[in-house]
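J.: For reference, the structure I am asking about is given below.
Every read-out reported here was derived from the displayed coordinates using simple, explicitly stated rules and does not represent laboratory data. Being a predicted model, the structure only gives us computed values, none of them experimental. We place every Cβ from the backbone using ideal geometry, glycine too, and count neighbours over all the protein chains shown.
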Amino acid sequence: MTRVMLSLMLVAILTGCETFGGGGREAADTEAAAGQAAADATTRGLAAGEGATVYEVQTLGTGEAGEGGQAGPDQAGLLARRILYFDFDSAQVRPADIPVVQAHARYLMAHPQLVVTLEGHTDERGSREYNIALGEARAKSVAKLLELSGVAHRRIRVISYGEEKPLALGHDEAAWQKNRRVEIVYGG
Amino acid sequence: MFVSAYRIFSVLLLWLAFSGASRGELVIEITRGVADAIPIAVVPFAWGGRGASPVDVARVVQQDLARSGRLKPLPEQDMLTRPSGPDAIQWRAWRALGQDYLVIGQLNEVGTDQYEAQFFLFDVYKGEQLAGYRLASRGRELRHTAHRIADIIYEKITGEPGAFATRIAYITVSREGGRRIHRLQIADADGFNPRTVVVSPEPLMSPAWSPDGKSIAYVSFERRRSAIYVQTLATGKRVKIADFPGINGSPAWSPDGRHLAVTLSKDGSPDIYVINLASRRLKRLTRSFAIDTEPAWSPDGKRIVFTSDRGGSPQIYTIPANGGKPRRLTFEGGYNARATFSRDGRKLALVHGGKGYRIALLELSSGTLSILTPGPLDESPSFAPNGSMILYATQIDGRGQLAAVSVDGRVRQQLATPEGDVREPAWSPF
């Protein structure tokens, strides 16, 4: 944990990316549309009381993903993954998820008008404000990986909701695992 | 002795079960014997007015006193007589029932929406009056008046001020039309009379009372990022105090009400800062690469405790409020967080992880940790202003609810709330 935070400090930190720069009218529309879609998805996920499955590719089709050019054969599949899961009280991106983050980095590089929001979340255990901090550490770990893959930090927004926005509403390990996550949301 | 104590205990449980079924919304669970709680009879108040009495004053007083764990009200069905004036008291009968104290009273309607409650507290063995008061009240204040009566009785008997006529703040989350609606509510200390002061489709967190009880600081995500607000309760007007990039969290008032300790991550990892509310100047208190959060002031304003994982797991640290070197306070277990000082500054209530998450009390002089609640998901401890009880959030039937435990761990009560998840209780000052 501490080690993660330390390395985070070394990468000029990304908080405060509230201004996404000018961008054309088209870019602004894209952002608005993407943001709207993300908000709808969140709502439905909670109403269904179910886990990650509602977070499908909605704002970005697989065809679009291919436009990146650098994409490998499974780029579309990797891009479809918008949720990364974490171990208990850990902010380390799981090694198996690193290619997913890299795929999103490639996508962002190929679509310079896009910005991305990384939403950090935790399970319900422990105190709430500590979980806000833990959720932020998770989102910042993903942000750091995106940056290392070349994405400018002004295009990355980090927010932590801690345990305040659970995807799964149960009180067992299965639910907790679904809730320890970072959601990759395109748009503001 | 044991047999009689057991009998009293079961009778009490019966009464509690009975009273819990009323619209009282209050379930009291006695977790350990109450044999040494002080027996007191609170006789139903005589009603002088039209129709039925708008509030059962005696019942409210009984429930308040029972919740303290210090007093043990006699079930009403065990009362042989129900005097409402001093002349009608048969002392021998109350002595035979083993009562140390007796409360009698009247509630009279004296005008349109005007009431007068009058009560007497007696020492049964001496046959002596200890207190006699007359309290005027409007209809909607009658429950509050009953809480004030309980406060007076509690103080006369225990020598400590009662905290029944105080308030609590908490967050509720309910699903409405497929959306999660977050509310910051204020209610009486027994959970009655809830009023919403903030509503938001985005999370609300960490309500904190100003020391004068007039304002509440809290965190809101209404703009899809965190910000700290201070809201004046009477007017509903609010001021944004912190809206920095990253985390704006954990507001904690200094005892003099002039500063807020907060968590900000604008400079990297979350650290503790102190904001001067008049000048808005910011002073950074901690500098670690780890998580530092959940500050709380000591009652003398000289120290701040906080949660940090700088040692590898979340533990409680203390730091001088004007800056200095942090010192670790908790060593038992791999998870200790969200500490808050007792009113005398000698103890910390905190969330202790291990076998679930439970509320524990850390004695600062000895370092002794005692666990007060069963868990498994208890959090957000908040002391009563008289230090007698700790309010906390718990999960019951898969739903977030509020509960309170006496500081000796003997009496636990559940405050049932109308709907949704209830969390993050904060007990008001006097």
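J.: Given the -39500 (n - 2.57) contribution per DSSP H run of 4+ residues, what per-residue ellipticity at 222 nm results for chain B, rounded to the nearest 500 deg cm²/dmol?
T.: -4000 deg cm²/dmol
J.: To continue, here is another question. Run down the lysines and flag those whose C-alpha is under 29 Å from the C-alpha of B:Lys72, throwing out any fewer than 8 positions away in its chain.
T.: The qualifying lysines are B:Lys126, B:Lys156, B:Lys347.
J.: Would you mind checking which residues have amide H under 5 Å from A:Val158's amide H? H placed 1.01 Å from N; only 5 or more apart, or other chain.
T.: A:Gly16, A:Cys17, A:Leu118
J.: Starting from the Cα gyration tensor of the stretch B:276-430, take the square roots of the eigenvalues, sort them a ≥ b ≥ c, and report rounded, prolate or oblate (rounded when a/c is under 1.5, otherwise prolate if a/b is larger than b/c, else oblate).
T.: Values: a/c = 1.64, a/b = 1.46, b/c = 1.13.
Prolate.
J.: Kirkwood hydrodynamic radius, computed over distinct alpha-carbon pairs, for the stretch A:92-188: how many Å, to one decimal?
T.: Result for the stretch A:92-188 stands at 13.6 Å.
J.: Right, here's the next one. Answer rounded, prolate or oblate for the stretch B:240-311, using the Cα gyration tensor with square roots of eigenvalues a ≥ b ≥ c: rounded when a/c is under 1.5, else prolate when a/b is larger than b/c, else oblate.
T.: oblate
J.: Output the 0 to 90 degree angle, nearest 10, between the alpha-carbon long axis of helix B:142-158 and the longest principal axis computed from the alpha carbons of chain B.
T.: That works out to roughly 90 degrees.
J.: Non-local amide H neighbours of B:Phe164 (under 5 Å, H modeled in plane, Pro and chain starts lacking H): which ones?
T.: Excluding prolines and chain starts, which carry no amide H, the hits are B:Asp151.
J.: Further question on the same structure: Full-extension gain between B:Arg258 and B:Asp87, please, as 0.36 nm times their residue separation minus the C-alpha to C-alpha distance. It would help to have the intermediate numbers written out before the result.
T.: On the way: separation 171, 0.36 × 171 = 61.56 nm, distance 5.28 nm.
Gain on stretching B:Arg258 to B:Asp87: 56.3 nm.
J.: If you take the charge dipole of chain B about its Cα centre, with +1 on Lys and Arg Cβ and -1 on Asp and Glu Cβ, which of B:Ser84, B:Leu130, B:Thr286 is farthest toward its positive end?
T.: Positive-end residue among those listed: B:Thr286.
J.: Compute the distance from the alpha-carbon center of the stretch A:127-188 to that of the stretch B:358-423, in whole Å.
T.: The distance from the Cα centre of the stretch A:127-188 to that of the stretch B:358-423 comes to 29 Å.
J.: If r is the Cβ-Cβ distance from A:Ala152 to B:Arg175 and R0 is 56 Å, what FRET efficiency results, to the nearest 0.05? Before the final figure, lay out each step's value.
T.: On the way: r = 38 Å, r/R0 = 0.69.
For A:Ala152 and B:Arg175, the calculated efficiency is 0.90.
J.: With +1 on each Lys and Arg Cβ and -1 on each Asp and Glu Cβ, and nothing else charged, work out how big the dipole of the stretch B:167-427 is about its Cα centre, in Debye to the nearest 20.
T.: Charge dipole of the stretch B:167-427: 740 debye, to the nearest 20.
J.: Out of residues 5 or more away from B:Leu285 or on other chains, whose amide H comes under 5 Å of its own, with H placed 1.01 Å from N in the peptide plane?
T.: Under 5 Å from the amide H of B:Leu285: B:Ile272, B:Tyr273, B:Val274.
J.: Right, next: Rounded to whole Å, give me the distance from the Cα center of the stretch B:213-281 to that of the stretch B:337-355.
T.: 22
J.: Turning to a different aspect of this structure: Using θ = phi - 60° and the Karplus form 6.51 cos²θ - 1.76 cosθ + 1.60, what ³J(HN,Hα) does each residue of the stretch B:182-194 get, whole Hz, x for Gly and Pro?
T.: Result, ordered by residue: 9, 10, 9, 10, 10, 9, 5, 4, 9, x, 6, 6, x Hz.
J.: Quick one: which of B:299-307, B:121-129 comes out on top by average Cβ neighbours within 10 Å, and what's the full order, highest first?
T.: Highest to lowest by the protection proxy: B:299-307, B:121-129.
J.: Shape verdict for the stretch B:167-427, please, from the Cα gyration tensor: rounded (a/c under 1.5), prolate (a/b greater than b/c) or oblate.
T.: Taking the square roots of the gyration eigenvalues as a ≥ b ≥ c, the stretch B:167-427 is rounded.
J.: Rounded to whole Hz and in sequence order, give me ³J(HN,Hα) for the stretch A:153-164 from the Karplus expression 6.51 cos²θ - 1.76 cosθ + 1.60, θ = phi - 60°, writing x for Gly and Pro.
T.: Result, ordered by residue: 5, 5, 8, 10, 10, 10, 9, 10, 10, x, 9, 7 Hz.
J.: Right, something else. Please rank B:Phe164, B:Phe383, fewest neighbouring Cβ atoms within 10 Å first, as an exposure proxy. Write out the running numbers ahead of the final one.
T.: Values: B:Phe164 27, B:Phe383 22.
Ordered from fewest to most neighbouring Cβ atoms within 10 Å, B:Phe164, B:Phe383 come out as B:Phe383, B:Phe164.
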